[in-house]
Each structure stands twice: as C-alpha cells, then as structure tokens.
Amino acid sequence: MTVNQNQITDLAKYYEEAMRELGYDSIDSNGANQIGFHKNTITSKNGRRVDTANSFLKMAADRNNLHISINSHVTKIPVKADLPVGQNLQDHIFVPIYFFPNVSWTITEEKLNNIWNLMIYLTTGKGKYPIFSKISRFKFLFLFKFQFQFKFRAVVSGTHLILNHYFSTEDIVLKMAEKNQNGFTVLPALLRPRSTGSITLQSTDPFDPPLIDPQYFTQKEDIDIFLKGVKKTLELGHTKAFKALGINIRDTYIHFPQCKKYDAPSDGYLECYIRHYATHFNHPTSTCRMGHSNDPTAVVDQDLRVKGISNLRVVDASVMRNVVSGNTNAPTIMIAEKAADLIRVELLSQGYVCDRLTSSLRKFYGRYGELVIHYDVPLSRMVDDILS
Ligand SMILES: Cc1cc2nc3c(=O)[nH]c(=O)nc-3n(C[C@H](O)[C@H](O)[C@H](O)COP(=O)(O)OP(=O)(O)OC[C@H]3O[C@@H](n4cnc5c(N)ncnc54)[C@H](O)[C@@H]3O)c2cc1C
C-alpha cells in the first residue's frame, strides 16, 4: 500500500502562513504533540486512492483457506447471543466554510473536467489536476485537545458536489457552480462527538434496509465545540496571509436560505448554518464496540471475538470503542493487522506452528513465542498459507 503526499497548488503555502499567524506550528501528526498543522498523507498512487482490496486481498484471494463471500445476505440465524450490535454509532461531522480569493489559479470544476487534463491523467497518471486532486490537498489543525480538526480543500466545487449529494440544495449549488468560482474550502470537523446514534432493523424482513439514525447534535456540547471550531476557521479570513490572496471575509458569509433571519456571523447564524449544513465524513464506527466481558455496551472482547459465540471475530471500524481523533482508514487497517497477529498467536497456542511462524513470533512476542513452540508438520502448512 503506497502512502504519499502530493501538492498541486500554492494554496498550502498561504494556509501554512495563516496558521503561523494564528500561533500554530508545523507538527508531526504521528508525534507526541497533535496541536498544530501538517501535510496530509494519503494512501494513493498516480493520483488515485489505493485500497485494501487491491493491496492485501487480491494477492491472497486464491488461497484454499480463504473464503470471500460477496453480496451476501443473512436471512435467518438462530439467536446465539443478545448483544448491542448497532448501538453507539459515531462519525466525524463537518461543515464547509468557503473562501474566495482574488486569484485565477485555484482549482475549479472547469479546470478539473478539462479534457486535456483528463487525457494527460489517463495516459500518464499525472497532469496538473489529477482526478484525485479534488480532495488531495489538506492540512490539519487539531484543537481543543483532539476534539477538532480542520481539513483544507483546494477547491470550492468539490464541496458543491458534497452539498448536492447530501442536501440537494440546488439553488445554492447552482449559484456557486455558475460562477465556476476560484476558491477553496476549509472543513472544520468534530472529532469526538458526544451524540451517538444507532443502526437497527426496521422490520422483520431481512431485505428491508436498516434504519440509520445518527442523532447528530442531540448533545448540546457538540454544538458548543462546533461553534468554537467554526469561529477559529473564520479567524483565518482575517490573517495577512489570506488577505494577501485577496480574500474578503464578508464573501464567506453566504446567506444560505434557511439562515436568512440571522445576521452573519452571529452565533445564531453560525449555529443555524451548522445544523443545516453539517454532514458526516464517511467515518462511521463503534457499532460493535470492543470491551470487557462485563461491559454491557460491548459486542466483542479485547481479542475481537464476539462475546458468547465461538470462532467468530469482527475486524473492522465498528469495533472502535469511540471514533478515533483522525481519519479512520489507517486505524482500521491497524486493527486488521492486530487481528492477524491475534489469530497467529491463537493458532500457536493450539500447537499449529511452522518454521516461519516460529521465527516471526520470536521476533514479535519474544519469550512468550518460545514457550509455546511445538512442531506439527502437516498443520504447519495451513499456517504457512496464512503467512505467505
Ligand atoms: C467516500 C469515502 C471516503 C473516505 N475517505 C477517507 C479518507 O480520505 N481517509 C480515511 O482515513 N478514511 C476515509 N474513509 C473511511 C474509510 O474508508 C473507512 O473508515 C474504512 O474503509 C472502514 O473499513 P471497514 O473495513 O470497517 O469497512 P469497509 O472498508 O466499508 O469494508 C466493508 C466491506 O464489506 C463489504 N460488504 C458490504 N456489504 C456486503 C455484503 N452484503 N456481503 C458481502 N460483503 C459486503 C464491502 O464491499 C466492503 O468491502 C472514507 C469512506 C468513504 C465511504
């Protein structure tokens, strides 16, 4: 899986300067200090996202000991355990804040969809505006002890698509799209929501879609923190760096129809804007949360085994106890890597070992690995398959 950083406009430079003006420093996002800004790292190759299916699963798909079941639908299962599956739904929530600089070199929908750019991209994987660039340029700022994150998108029109997709607010979308506006978007996002939702069955018909009830902003604290984050975003508009781009903060206070009765940028206006335009980041987690055997909110134990059912593990974003303070893909991959280790150790304790497993266990688990090593040649092939 390739991880990299790509940069396609100079906007990051201005953003960095603006952040410094507000008193923040560049940080290592994986380091001890998380309050500051940094370039985003992305799982991508040649301007496209790289996914786990191609990076991990494809090469193992033909193994005899792996069964992949696609488009599967469970119609009947005897109840083996009554667990709170689907409760505690959490996600990151954001609102787009638009900035309109007086320059012509930012990315617009028109430039993105330009046929030459597209051809260069398709033939070489490069080009000034590769498809992935719509979403590739951000830096993050973590605030209020990991509760807030800003994403930076070097395009306004990308957010039109989001608004169009989620809200069908065509009046606004068309107005902005018509202008084919030069600009960019900062997305303040709530990382640690107090409000939690649920996914439940809506009927006894297994083919009925589930009922997804996110319950966003049902806890007032979420709105209070969000307001602080939005105000911090707006402070960017007053920095010298943003002003050097010709940004006038008044242009940012677009009068969305639902919030006309409030003066921008009063708290009432901002809360109205948040409540109408906030949406999720596609980071749903925590509906099969991990926990102690005595924890009534837990679905899986600390080894990802479903409580009360043998030989069944859940390995995905749903096991997070709470949504993590950052994007969810890498942590989910980490959970899967950990699960692979847990399964190896379990096989080992049952006497399923082989040379390669032995050496990797010695490496990772030291003395514990030594204690449980026994050789069982026929079964070792199975473990070899898992490791290869
Ligand atoms: C549009 C979008 C953009 C995102 N961008 C980012 C990002 O920039 N950075 C980041 O860190 N995270 C991002 N995420 C979140 C990240 O992709 C998820 O957190 C991560 O993929 C979760 O992994 P998972 O294994 O829990 O679920 P998934 O990756 O969703 O895996 C679920 C799997 O189950 C399969 N499946 C579903 N139904 C069935 C069925 N009936 N039968 C058989 N198989 C089935 C699906 O095909 C899928 O392969 C994004 C998500 C979306 C949707």
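Do you know which residues across segment 30-64 are more than 12 Å from the ligand (Cβ to nearest atom), part of a loop (DSSP other than H, G, I, E, B) and within 21 Å of residue 12 (Cβ to Cβ)?
30, 31, 33, 34, 35, 36, 46, 47, listed by residue number.
I'm trying to understand the selection: among the residues of segment 76-100, which are at pLDDT below 90 and either assigned by TED's automatic domain parsing to the domain that holds residue 244 or over 30 Å from residue 294 (Cα atoms) (or both)?
Residues satisfying the conditions are 94, 95, 96, 97, 98, 99, 100.
Taking segment 278-332 on its own, how many of its residues are over 19 Å from residue 149 (Cβ atoms), within 16 Å of the ligand (Cβ to nearest atom) and in a strand (DSSP E or B)?
4
Condition check: more than 14 Å from the ligand (Cβ to nearest atom), among the hydrophobic types (A, V, I, L, M, F, W, C) and under 14 Å from residue 85 (Cβ atoms). Does residue 343 satisfy that?
When the stated conditions are applied, residue 343 does not pass them.
Report whether or not residue 321 is more than 21 Å from residue 67 (Cβ to Cβ) and modelled with pLDDT of 85 or more.
yes
Output the residue which, of all residues in segment 65-106 that are touching a residue at least 60 places away in the same chain (Cβ under 8 Å) and loosely packed, with under 10 Cβ neighbours inside 10 Å, is nearest to the ligand (Cβ to nearest atom).
Of everything passing the filter in segment 65-106, 73 is nearest to the ligand (Cβ to nearest atom).
Which one of these does residue 128 not meet: (1) modelled with pLDDT of 70 or more; (2) assigned to a loop (DSSP other than H, G, I, E, B)?
Only one criterion in (1) modelled with pLDDT of 70 or more; (2) assigned to a loop (DSSP other than H, G, I, E, B) is unmet by residue 128, namely (1).
Spot the failing condition for residue 270; the list is (1) at positive phi; (2) assigned by TED's automatic domain parsing to the domain that holds residue 43, and only one is missed.
Residue 270 satisfies all of (1) at positive phi; (2) assigned by TED's automatic domain parsing to the domain that holds residue 43 except (1).
Mind checking which residues of segment 244-267 are at pLDDT 90 or above and surrounded by fewer than 16 Cβ atoms within 10 Å (Cβ to Cβ)?
244, 246, 261, 263, 266, 267
Tell me, please, whether a residue that is over 22 Å from the mean Cα position of the chain (by Cα), free of Cβ contacts under 8 Å to residues at least 60 places away in the same chain and not assigned by TED's automatic domain parsing to the domain that holds residue 13 can be found in segment 249-265.
Within segment 249-265, not a single residue is over 22 Å from the mean Cα position of the chain (by Cα), free of Cβ contacts under 8 Å to residues at least 60 places away in the same chain and not assigned by TED's automatic domain parsing to the domain that holds residue 13.
The values are calculated or read from the model by the stated rules, or taken from the named source; none is laboratory data. Please read all numbers here as calculations on a predicted model, not as lab measurements. Cβ sites come from the backbone with ideal geometry, for glycine too, and all protein chains shown count toward neighbours.
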